[in-house]
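All remarks here apply to the structure that follows.
The values are calculated or read from the model by the stated rules, or taken from the named source; none is laboratory data. Being a predicted model, the structure only gives us computed values, none of them experimental. Neighbour counts are summed over all protein chains in view; Cβ atoms, including those assigned to glycine, are modelled from backbone coordinates with ideal geometry.
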Amino acid sequence: MWARGGSSRELLEGLGLGLFSIITDLRRVRPLEERTVSASGEEVPALVVAYLGELLLLQQTEGFLVREITARPVGSPPTAVLAVVRGEPFDETRHTRRKEVKAVTFHQLEFDPSAGRARVILDI
């Protein structure tokens with residue numbers, strides 16, 4: 001999964017939405033409810049995996065699908081993130097199931113705001 005953006009915030013938001021676009025068709029998800037997700041890591045790769053892991057946990061435990069993300073990275077480079085996510089619980093009459101994401105990996109993880117790109121490999 002790839003994300004593009006000019007800042008850590010944009011890359012984290014893009015990766016989060018990319019995760020959910022693999023799980024379902026985002027065009028059918030409405031931003032009706034709000035949740036807060038936080039994560040931290042000693043280094044950027046650990047932060048990215050922890051953040052995406054928290055989003056995945058939200059989907060797996062609550063069935064919550066995310067449509068919008070506002071991320072606030074802390075530090076430069078970031079070592080923590082607080083994100084407000086908006087979406088709704090999965091509704092089998094409106095939402096499709098694309099792929100089940102099992103885990104977020106460190107394998108070949110890239111996160112480079114100066115180059116405007118990030119890459120994360122997911123275990124599907």
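To keep it simple, each residue is scored yes or no on (1) at pLDDT below 95; (2) closer than 18 Å to L122 by Cβ.
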site	(1), (2)
R28	no, no
G41	no, yes
A46	no, yes
Y51	no, yes
R72	no, no
S76	yes, no
Open item on the list: Take L19 and tell me if it is at pLDDT 95 or above and within 17 Å of R119 (Cα to Cα).
Closed with: yes
Open item on the list: Which residue is farthest from L52 (Cα to Cα), if the candidates are limited to the stretch 95-113 and must be of a type in the set (D, E, K, R) and in contact with an Asp or Glu (Cβ under 9 Å, 6 or more places away or on another chain)?
Closed with: R98
Open item on the list: Within the stretch 1-120, considering only strands (runs of 3 or more DSSP E) that don't extend past its boundaries, which have at least 2 residues that are out of contact with any Cys (no Cβ under 7 Å at 6 or more places or on another chain) and surrounded by fewer than 15 Cβ atoms within 10 Å (Cβ to Cβ)?
Closed with: 2-4, 33-40, 64-74, 80-89
